[in-house]
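What follows is one structure encoded as structure tokens, with my remarks underneath.
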Amino acid sequence: QAGLTQPPSLSKGLRQTATLTCTGNTNNVGYQGAVWLQQHQGHPPKVLSFRNKNRPSGISERLSASRSRSTASLTITGLQPEDEADYYCSAYDRSLDAWLFGGGTKLTVL
Amino acid sequence: QVQLVQSGAGVQKPGASVEVSCKASGYSFRNYYMHWVRQAPGQGLEWMGKINPDGVGTTYGQNFRGRLTITRDTSTNTLYMELSSLTSKDTAVYYCARETGTFGIEFDYWGQGTLVTVSS
């Protein structure tokens, strides 16, 4: 089944800004937006942003989510070493009645 | 506090079935959708399916229809996942995750993950 498209990798310097993208279509990302998750090696995923672009409590204000048509974005400002992780987007697809995940982006903080 | 504690699995033989459980605590289990998501070694996340709060409605991902069964027991606050006809491609860490069903609160808590290894 069709998935969501994320760049496999992104490298940015310490204290720089990273923007991660997730592209779908009008039936998923373009329908109700995307969830953003962070995963460190050996740990379960942790939600960073819900489909309504709100952050769960405890998630840094350095993170912000947005959407333009069928592309969702997660922007992380002031990159810190602990931001180095894998980032996944997920969206509900109304045509498939299924949740989809992107392939993930590995963010490296130099 | 909300906890999802998984158990089960280990090494399974090809062709066998495996059951993984996920015990919920710290919230009203009967009010939440529950999902299973898996991650093969070195790979990304793959949605497997979900079960409605009523325990009757289930939705399975296309790749799992016919061999995945998700159930829940509200008396013990436990979610179950059974996957049959295992092959080496099913070797993965399996996660449970909850969802309110309300737009804007999705996948907010996850289990710790359970490794299933399929090997003869």
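Compare the peptides B:15-28, A:17-30 by average per-residue count of other Cβ atoms within 10 angstrom and give them in order, highest first.
Going by the mean number of other Cβ atoms within 10 Å, highest first, we get A:17-30, B:15-28.
Hey, got the dipole for segment B:62-120? About the Cα centre, +1 on K and R Cβ, -1 on D and E Cβ, debye to the nearest 20?
Dipole of segment B:62-120, to the nearest 20 debye: 220 debye.
Inside 10 Å of the C-beta atoms of B:42-49, what's the mean count of C-beta atoms belonging to other chains?
Counting Cβ atoms of other protein chains within 10 Å of each residue's Cβ and averaging gives 5.
So which of A:Lys12/A:Lys53; A:Lys53/A:Lys106; A:Lys53/B:Lys89; A:Lys106/B:Lys89; A:Lys12/A:Lys46; A:Lys12/B:Lys50 end up more than 28 Å apart, counting from Cα to Cα?
Flagged as over cut-off: A:Lys53/B:Lys89; A:Lys12/B:Lys50.
Per residue of B:96-106, count partner chain C-beta atoms within 10 Å of its C-beta, then hand back the mean as an integer.
Working: counts 1, 6, 0, 3, 1, 0, 2, 6, 8, 7, 13.
Per residue, the number of nearby Cβ atoms from other chains is 4 on average.
Looking at the calculated P(r) for chain B, what percent of the C-alpha pair distances fall above 17 Å?
The calculated P(r) of chain B puts 52 percent of pairs beyond 17 Å.
For all pairs of alpha-carbon atoms in chain A, what percent lies in each bin of width 5 Å, listed from the first bin to the last filled one?
2, 14, 25, 25, 19, 10, 4, 1, 0
I'd like the carbon and sulfur percentage of the solvent accessible area for chain A, probe radius 1.4 Å, heavy atoms only, ligands and nucleic acids excluded.
That share works out to 45 percent.
Over the heavy atoms of A:Trp99, what accessible area does a 1.4 Å probe trace out, to the nearest 10 Å²?
Approximately 10 Å² for this residue.
Treating the beta-carbon of each Lys and Arg as +1 and of each Asp and Glu as -1, no other charges, what is the dipole magnitude of segment A:1-66 about its Cα centre, to the nearest 20 debye?
Value, rounded to 20: 160 debye.
For all pairs of alpha-carbon atoms in the protein assembly as shown, what percent lies in each bin of width 10 Å, listed from the first bin to the last filled one?
Calculated P(r), rounded to whole percents: 8, 33, 36, 19, 4, 0.
Do any residues of segment A:50-89 show a loss of at least 30 square angstrom of accessible area between the isolated chain and the full protein assembly, using a 1.4 Å probe, and if so which?
At a threshold of 30 Å² (probe 1.4 Å), the residues of segment A:50-89 that become less exposed are A:Phe50, A:Arg51, A:Asn52, A:Tyr88.
Using a 1.4 angstrom probe with every protein chain in place, what is the largest-first accessible-area order of B:Asp54, B:Asp108?
Ranked list, largest accessible area first: B:Asp54, B:Asp108.
The values are calculated or read from the model by the stated rules, or taken from the named source; none is laboratory data. Computed from a predicted structure; not experimentally measured. Positions of Cβ are generated from backbone atoms using ideal geometry, with glycine treated the same way; all protein chains shown enter the neighbour counts. These area figures cover heavy atoms from the full protein model, side chains too; ligands, DNA and RNA do not enter into them. Shrake-Rupley method; radii C 1.70, N 1.55, O 1.52, S 1.80 Å.
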